Amino acid sequence: MKLSLVKEQEKLDFNIYKAGDLVGRSTASAAVGGSDDGLRPMEMFASSLALCTSIDTVHILNKQRIFLEHFEVNIEAERVKDQVPAIFKEIILEFVITEEEHLAKVAKAVNLSINKYCSVRNMIKDEVKIETKIRLKE
């Protein structure tokens, strides 16, 4: 994997490039000189966990010929307070679908991803509590 980060001139903001193409943006908080209009590094990390698990989950379901009409993940993360670095203490991933008949299979696929396939999860398995929830979209 090769990526490049290029700092913008005025702010503590970075553009992320892959093979020369702009693919993302990460910013610092305004308090330390960033524009605060992109994902901060810890937000990006939590998003990476959700994305890794989502890719695995949807792939597993598609192999079973289950094609969801709606799939989203809401992320809540809590960091350890009064500690530097302020690492994650817990991340909650809430998976939301519209098809009630697939709830059990989605739960099983999420469990497989979290406990076996997701590389991001495996990197932090001994450090961060991960909770998953699955619910129907209202």
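The values are calculated or read from the model by the stated rules, or taken from the named source; none is laboratory data. Because the structure is a prediction, the values reported are computed rather than measured. Methodologically, a virtual Cβ is constructed for each residue, glycine included, from the backbone with ideal geometry; neighbour enumeration extends over all protein chains shown.
Take the residues in segment 75-122 that are over 18 Å from the mean Cα position of the chain (by Cα) and of a type in the set (A, V, I, L, M, F, W, C), then tell me which one is farthest from HIS59 (Cα to Cα). I'd like the intermediate steps shown before the answer.
Filtering segment 75-122 down to residues over 18 Å from the mean Cα position of the chain (by Cα) leaves 80-85, 98-105, 108.
Still in the running and of a type in the set (A, V, I, L, M, F, W, C): 80, 84, 103-104.
On the way: VAL80: 33, VAL84: 37, LEU103: 16, ALA104: 16 Å.
Ranking the qualifying residues of segment 75-122, first place goes to VAL84.
Mind counting the residues in segment 121-132 that are in a helix (DSSP H, G or I) and either surrounded by 17 or more Cβ atoms within 10 Å (Cβ to Cβ) or free of Cβ contacts under 8 Å to residues at least 12 places away in the same chain (or both)?
Result for segment 121-132: 3.
If ALA104 satisfies all but one of (1) loosely packed, with under 14 Cβ neighbours inside 10 Å; (2) touching a residue at least 60 places away in the same chain (Cβ under 8 Å); (3) of a type in the set (Gly, Ala, Ser), what's the number of the condition it fails?
Condition not satisfied by ALA104: (2).
Could you tell me whether any residue of segment 57-65 is of a type in the set (Ser, Thr, Tyr) and in the same structural domain as ARG121 (by TED's automatic domain parsing)?
Yes, segment 57-65 contains at least one residue that is of a type in the set (Ser, Thr, Tyr) and in the same structural domain as ARG121 (by TED's automatic domain parsing).
Among the residues of segment 9-22, how many are within 18 Å of MET44 (Cα to Cα) and surrounded by 12 or more Cβ atoms within 10 Å (Cβ to Cβ)?
Total satisfying the criteria: 7.
Could we say that VAL58 is among the β-branched types (Val, Ile, Thr), assigned to a strand (DSSP E or B), surrounded by 12 or more Cβ atoms within 10 Å (Cβ to Cβ) and free of Cβ contacts under 8 Å to residues at least 60 places away in the same chain here?
No: the conditions fail for VAL58.
Out of the residues in segment 29-43 meeting the condition of being touching an Asp or Glu at 6+ places or on another chain (Cβ under 8 Å) and within 30 Å of ILE114 (Cβ to Cβ), tell me which one is surrounded by the most Cβ atoms within 10 Å (Cβ to Cβ).
Residue satisfying both the conditions and the ranking: GLY38.
Please find, among ALA50, ALA77, ALA46, the residue that is crowded, with 16+ Cβ neighbours inside 10 Å, at pLDDT 95 or above and part of a strand (DSSP E or B).
That would be ALA77, the only listed residue that is crowded, with 16+ Cβ neighbours inside 10 Å, at pLDDT 95 or above and part of a strand (DSSP E or B).
Going through segment 1-39 one residue at a time, which ones are polar (S, T, N, Q) and part of a strand (DSSP E or B)? Before you say what the answer is, go through the steps one by one.
Just the residues of segment 1-39 that are polar (S, T, N, Q), to begin with: 4, 9, 15, 26-27, 29, 35.
Within segment 1-39, SER4, ASN15, SER26, THR27 qualify.
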